[in-house]
Amino acid sequence: MAETQAKRSVWKELWDWVWPIALGVLIALGIRHWVVDLNRVPSSSMRPTIMDPCLILTNHLATEFGQPYRGEVVVFHFPDDPSKIFVKRIIGMPGDTVTIHDGKVFVNNQPLKEPYLDQPTSGNWGPYHVPDGEYFMLGDNRTVSEDSRYWQNTYVPRSYIIGKAEFVLWPLGAAHRIQ
């Protein structure tokens, strides 16, 4: 009888340690999946806004409960290979027509103000007619960015947007809010 009580006591002690850890892991996974996440930016396609390499904080709630907007930097599944994660800026909204010429981006025949760029957008591109429920994306470093201009599937479906890129967290010296 004493041996049975000792076994129960060991299992109870073990359970008292295991369940809070398991609960903590489940909560952390839930937060990471539905609230915020960390993403690595390995390329220079978003310079000067996001330097490379760096670690950014992605806010899932911003795009889950709010609508994506023009100029917002978002994290999304790459339309040509959804297993890859990309970070770009929304330029074309559903129903927009985007063209690029004379060093500028035009949305619905109006020049887009892009204070985040440090160089003009070269080349002549478009017109791109953005379908309902989809978005046209460009990187801030347009000379090296693999963005909507080059993809087989030009537009990003709303369902592919994971969240808003909120903060550069690493390296610490470059930490800042992403605008």
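Bear in mind these aren't lab numbers, they're just calculated from the coordinates by the rules spelled out. This one's a predicted model, so the numbers in the text were calculated from it and none came from an experiment. With ideal geometry, Cβ positions are generated from the backbone for all residues, glycine too; neighbour counts draw on all protein chains shown.
Annotations for the structure displayed:
- Between the listed residues ILE21, THR99, VAL87, the Cα displaced farthest toward the positive end of the dipole of the chain, a dipole computed from Cβ unit charges relative to the Cα centre, is found at ILE21.
- The chain: most fluctuating residue of TRP125, TRP11, TRP151 per GNM, C-alpha cutoff 10 Å: TRP11
- Each Lys and Arg adds +1 at its Cβ and each Asp and Glu adds -1 at its Cβ; summed about the Cα centre, the chain shows a dipole of about 240 debye.
- Just checking the listed ones, SER145, SER122, SER44: in the Gaussian network model of the chain with Cα springs under 10 Å, the one fluctuating most is SER122.
- Toward the positive end of the charge dipole of the chain, with +1 on the Cβ of Lys and Arg and -1 on the Cβ of Asp and Glu, the farthest Cα among THR58, SER9, PRO48 is that of SER9.
- Estimated 222 nm signal from helices in the chain, with DSSP H stretches of n ≥ 4 weighted -39500 (n - 2.57), rounded to 500: -7500 deg cm²/dmol
- C-alpha center-to-center spacing [segment 111-179, segment 45-100] in angstrom: 6 Å
- Calculated percent of Cα pairs over 29 Å apart (choose from [x] 22; [y] 32; [z] 44), label: [y]
- Helix 2-34 axis, angle to the chain major axis (alpha carbon atoms, nearest 10°): 10 degrees
- For the chain, a Gaussian network of Cα nodes joined below 10 Å ranks ASP147, ASP37, ASP80 by mean-square fluctuation, and the top entry is ASP80.
- When the chain is described by a simple charge dipole with +1 on each Lys and Arg Cβ and -1 on each Asp and Glu Cβ, the residue from GLN152, ALA175, ASN39 located farthest towards its positive end is ALA175.
- Non-local Lys pairs in the chain, i.e. 8 or more apart or on different chains, that have alpha carbons under 18 Å apart: 5
- As a length-normalised measure over Cα pairs under 8 Å and 6 or more apart, the relative contact order of segment 37-177 settles at 32 percent.
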